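Working notes, structure below.
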């Protein structure tokens with residue numbers, strides 16, 4: 001279930017003027033009133049939260065284990081292998 005952020009449309013209580021979050025189902029209708037003071041509120045569009053719990057999946061050893069290779073630029077037109085299988089360098093010279 002997503003967490004929606006709401007804010008007061010006009011003057012409200014400190015709870016809704018400072019924005020508040022509500023855990024709602026996608027099918028639920030948006031709130032129109034503050035649950036504490038009853039003033040009008042509207043849903044605020046904000047950046048989504050991204051879960052970073054699987055950061056180990058981006059590690060070099062994990063990527064190399066699954067067959068990926070990464071090259072890093074060492075000079076103009078020359079790339080050296082950072083990890084994985086393949087040639088040590090790639091060059092356009």
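What percent do you get for the relative contact order of region 3-44 when only Cα pairs under 8 Å and 6+ apart count? Present the calculation step by step, with values, prior to reporting the outcome.
Values: 73 pairs, mean separation 21.2, N = 42.
Relative contact order comes out at 51 percent.
In the chain, the DSSP-assigned H stretches of four residues or longer account for a calculated mean residue ellipticity at 222 nm of -2000 deg cm²/dmol, using -39500 (n - 2.57) per stretch and the full residue count as denominator.
Taking a ≥ b ≥ c as the square roots of the eigenvalues of the Cα gyration tensor of the chain, is the shape rounded (a/c under 1.5), prolate (a/b larger than b/c) or oblate? Intermediate values should be presented prior to the final figure.
Values: a/c = 5.30, a/b = 3.34, b/c = 1.59.
Since a/c reaches 1.5 and a/b is larger than b/c, the shape of the chain is classed as prolate.
Could you sort 21-29, 34-42 so that the peptide with the highest average Cβ count within 10 Å comes first and the rest follow in order? All intermediate terms of the calculation are to be shown ahead of the outcome.
Values: 21-29: 10.1, 34-42: 15.4.
Output ranking for 21-29, 34-42: 34-42, 21-29.
Across the chain, Cα pairs under 8 Å and at least six residues apart give a relative contact order of 20 percent.
Ranked from highest to lowest mean number of other Cβ atoms within 10 Å per residue, what is the order of the peptides 78-87, 59-68?
On the way: 78-87: 13.3, 59-68: 11.6.
In decreasing order of mean packing, 78-87, 59-68 become 78-87, 59-68.
With the cut-off at 1.5 for a/c, could you classify region 3-44 from its C-alpha gyration tensor as rounded, prolate or oblate? Please list the in-between numbers first.
Details: a/c = 2.14, a/b = 1.80, b/c = 1.19.
Because a/c hits 1.5 or more and a/b exceeds b/c, region 3-44 counts as prolate.
A short reminder: the numbers here are calculations on the coordinates, not readings from a lab. This is a predicted model, so every value here is computed, not measured. Neighbour counts run over all protein chains shown; Cβ positions are idealised from the backbone, glycine included.
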